[in-house]
Structures are given as structure tokens and as C-alpha cells.
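Heads up: the structure comes next, in C-alpha cells.
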Amino acid sequence: MQIVDPIDIEDALRSDMAELLPDIAFHATPAPNDIEADSVAFMAVGGGAASPVSHEYDLGIDAWAETPGKAMALALRVQGLVSSLPVRTFSSGRDYKTATANLPYNNPDPNRPLIPRCSFSATVGLRGKGNI
């Protein structure tokens with residue numbers, strides 16, 4: 001039986017999503033203190049094994065933009081793309097097997113009160129790396 005390590009899902013999504021939306025700044029957590037509008041951050045919040053060779057990752061995803069409406073539009077765009085991960089091909093070769101994403105909500109950022117933020121949660125599943 002083959003057993004694999006989980007991957008750094010935050011960094012994987014950061015680089016893969018940048019292929020789909022090159023004008024957006026994608027970050028793995030922690031989001032930089034000087035984050036600007038049109039930015040998205042991925043934070044792993046748990047997950048577990050889906051099979052001996054794959055894992056499901058629970059995520060918190062935040063989107064910042066210059067207005068509340070633009071933050072919601074960006075979060076909705078990213079939510080749709082996250083949901084579509086299993087039907088996409090990336091230069092990284094990562095093959096997302098499952099993806100579910102909840103709808104975003106307004107979520108003011110207490111650390112950055114002047115940049116509107118919307119957030120949503122998602123779960124994605126894909127193969128791990130290497131062999132244990």
C-alpha cells in the first residue's frame with residue numbers, strides 16, 4: 001500500500017489560483033500586514049485523510065478589495081473558481097479531486113479596517129506527495 005504526506009495546501013492554492021487570476025495577489029497565511037486591495041489569502045483550518053494517497057483540506061479564504069461590493073465580487077469569483085478546481089489543469093500538475101465552497105459573507109478585518117474583506121470556507125481534496 002502507498003501512503004503519502006499531505007501537501008502545503010495554502011501554497012498550492014496560492015500558486016495555482018494565480019494562474020487563473022493573474023491580476024490578483026494570492027497569499028498563504030499569514031496575510032501580509034501591508035496587504036492591498038485585490039488580494040486573497042488561504043488559511044488551512046484542518047482536514048484529514050480521504051484515502052491512503054489523498055487528503056481533504058478545510059480552508060478559510062479571505063478576499064480584500066477597495067469597496068465592500070468589490071470585495072464581495074472578488075470573493076464570489078474566487079469561490080466559483082475553487083468549486084471548479086476538479087475540472088481544471090494546472091502547470092503544477094496538481095489534480096484536485098474534490099472541491100466544495102460555501103458562499104462568501106462580509107467579514108470586516110479588525111487588523112485592516114480600511115480595506116473591506118469578504119470570507120468563505122471551502123474543502124478541497126487532492127493527492128499527497130512523496131511516500132511515507
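The values are calculated or read from the model by the stated rules, or taken from the named source; none is laboratory data. Owing to the predicted nature of the structure, the values given are computational and were not obtained by experimental measurement. All Cβ positions, even for glycine, are placed from backbone atoms using ideal geometry, and neighbour counts span all protein chains on display. Just so you know, the surface numbers come from the protein's heavy atoms only, side chains and all, with ligands and any DNA or RNA stripped out. Shrake-Rupley method; radii C 1.70, N 1.55, O 1.52, S 1.80 Å.
Looking only at region 86-130, residues that are of a type outside the set (Phe, Trp, Tyr) and free of Cβ contacts under 8 Å to residues at least 60 places away in the same chain come to 24 in all. For region 34-58, which residues satisfy the criterion of being β-branched (Val, Ile, Thr) and in a loop (DSSP other than H, G, I, E, B)? Answer for region 34-58, where residues must be β-branched (Val, Ile, Thr) and in a loop (DSSP other than H, G, I, E, B): Ile35, Val53. Just checking, how many residues over region 18-33 are part of a helix (DSSP H, G or I) and free of Cβ contacts under 8 Å to residues at least 40 places away in the same chain? Result for region 18-33: 1.
Within region 19-74, if we keep just the residues that are of a type in the set (S, T, N, Q) and at pLDDT below 95, the residue that is least open to solvent (accessible area, probe 1.4 Å) turns out to be Ser54. Considered as a group, the residues in region 34-45 that are in contact (Cβ under 8 Å) with a residue 12 or more places away in the chain and more than 13 Å from the chain's Cα centre (by Cα) include one that is farthest from Leu74 (Cα to Cα), and that residue is Ile35. If only residues of region 104-120 that are closer than 20 Å to Ala44 by Cβ, touching a Pro at 6+ places or on another chain (Cβ under 9 Å) and not in a loop (DSSP other than H, G, I, E, B) are counted, the one that is most open to solvent (accessible area, probe 1.4 Å) is Arg117. Would you confirm whether any residue within region 71-88 is among the hydrophobic types (A, V, I, L, M, F, W, C) and part of a loop (DSSP other than H, G, I, E, B)? No: zero hits.
Evaluation of Asp11 against the conditions (1) open to solvent by 40 Å² or more (accessible area, probe 1.4 Å); (2) touching a residue at least 60 places away in the same chain (Cβ under 8 Å); (3) among the acidic types (Asp, Glu); (4) not in a loop (DSSP other than H, G, I, E, B) shows that the sole unmet condition is (2).
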